[in-house]
1. Considering the dipole of the chain built from charges on the beta carbon (Lys and Arg +1, Asp and Glu -1) around the Cα centre, which of GLN105, LEU227, ILE148 is farthest to its positive end?
2. How long are the semi-axes of the equivalent ellipsoid of region 234-277, defined as square roots of 5 times the Cα gyration tensor eigenvalues? Whole Å, largest first.
3. Between GLU15 and ASP95, what is the FRET efficiency for a Förster distance of 51 Å, r being their Cβ-Cβ separation, to the nearest 0.05?
4. Keeping all protein chains in place, calculate the accessible area per residue for region 45-123 (probe 1.4 angstrom), answer in Å².
5. Do you know the relative contact order of region 59-141, to the nearest whole percent, from alpha carbon pairs under 8 angstrom that are 6+ apart?
6. For the chain, with a Gaussian network of springs between Cα atoms less than 10 Å apart, report the residue from TYR20, TYR186, TYR125 with the top mean-square fluctuation.
7. Give the relative contact order (percent, whole number) for the chain; include only Cα pairs under 8 Å separated by 6+ residues.
8. Mind telling me which of LYS304, LYS360, LYS184 comes out most flexible in a GNM of the chain, alpha-carbon contacts under 10 Å?
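The values are calculated or read from the model by the stated rules, or taken from the named source; none is laboratory data. Values in this document were obtained by computation on a predicted structure and should not be read as measured data. Reconstructed Cβ throughout: ideal geometry from the backbone, glycine too, with neighbour counts over all protein chains shown. Calculation scope for accessible area: heavy atoms of the full protein, side chains included, ligands and nucleic acids excluded. Shrake-Rupley method; radii C 1.70, N 1.55, O 1.52, S 1.80 Å.
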Amino acid sequence: MTPKPTRKPFRQRLEGLLFYLLLLIAVGLCGWLSQRYQTVFDWSDRARNSLSEASQQLLTRLEAPLQIRSFAPNNPSLRQRIAAVIEPYQRLRPDITLEFIDPSQQPELTREAGIRRAGELQIRYQGRDENLSILNEQQISNSIQRLIQQGQRWIAALDGHGERRLDGKANHDLGDFGAQLQRKGYRIQSLPLSEQQAIPRNTSLLLLAGPRVDYLPGELTAIRHYLEQGGNLLWLTDPGPQYAIPTLLQDLGLTILPGTVVDANAAGLGLDNPAIALVTRFPDHPATQQFKLVTLYPFAAALKADPTADWQATPLLQTQAGSWNETSPLTGELQRDAAQGEESGPLTLGYAFSRHLDSKTQRVIVVGDGDFLSNSYLGNGGNLDLGLNLVRWLSSDDNLLNIPARTATDTRLDLSRTAGAVIGFGFLLILPLLLIATGLLIRWRRHRA
């Protein structure tokens, strides 16, 4: 029997070299393919690590890149958690970028962006931006939805009768608030009804902010026609003359109490002016949902409402006990005088009204104070955030995505102390000894063979 010829050493080395070369090429191709093409399978319970169908459909509406800036300190653990929240969005839309900014390294940029806490996000889309402090799919997707919609929202501010101007620079004007609205993507315009006899049909919200002279009959007719057609209105009034405006809203049954609201609770926050009223709690209403900031209202008027059956009224802004509507001059020591019609708090400073009209919902908010959004007081407390919330609700930007919370049926493993000790002892000692014994047995059997 002739023995088989053995392979030459050169051929064996060549085959080994080719094998390792092909292996390196295969590994390189796998790495290249993983960078160029990405396929992710979510096998978690109820697909908890993927976006809901509503969010996926929303991302298809993006027409431009979406930029997300996270103002988080240089903490790898924190940044990793934030990146994990954004990653499902980037998986579907590669043009969604995430940038981390350390607030301590760039304090000026942080202030300009209006960031208040570490880890807060700023989402930017087509020149508009919105800040988020609660990071979950529902909040992020709803923010993206608002940024997409807001480019189509027009806010018309009545002008020509001494109103607070949305583009004004005086202390009593609303110029800073108007700039914030534009930054959020709303389009604002002044509307002198003496030059334009009708309110444009594409107006999402009409602003009536403290006129100082009466409107002409033709102007009142234009405003009334706008309201009868279901237009939304934000009316910021103040103590004193109302210039026949309440006659436009008779169905609301709105009464403005005499005097100016004073609040003894303001002294507890170091405020020397008793005519600054505080609102610290808000009702469960879409305009103030999850709103928990303190807001300040200087020189405000208290309101009462008894609307007709068509309207639904919600007291939106209410003072605390210890406040009342002071009818005498705000000098010296102030005390409530019930004989003068001064009512004790809580007093209502703002109402939200809504009704169904011609298959749509009409919305009106009346606030007995225009100063809280003025250039002088906008930066106090949560005044700016509240103003933006009111505008969003009035312009129907609260039609948010309904994204249900998805939780796994069983994500906890509860073990007794004994069971934990057995498992730990098994993995740390028994399993390694079994592996060593198996290796020694295999080696002994090969040696005998």
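1. Positive-end residue among those listed: GLN105.
2. On the way: eigenvalues 165, 19, 15 Å².
Output for region 234-277: semi-axes of 29, 10, 9 Å.
3. The computed FRET efficiency comes out at 0.60.
4. So region 45-123 comes to 57 Å² accessible per residue, rounded to a whole number.
5. Values: 113 pairs, mean separation 31.5, N = 83.
It rounds to 38 percent for region 59-141.
6. TYR20
7. It comes to 13 percent, rounded to a whole number.
8. LYS360
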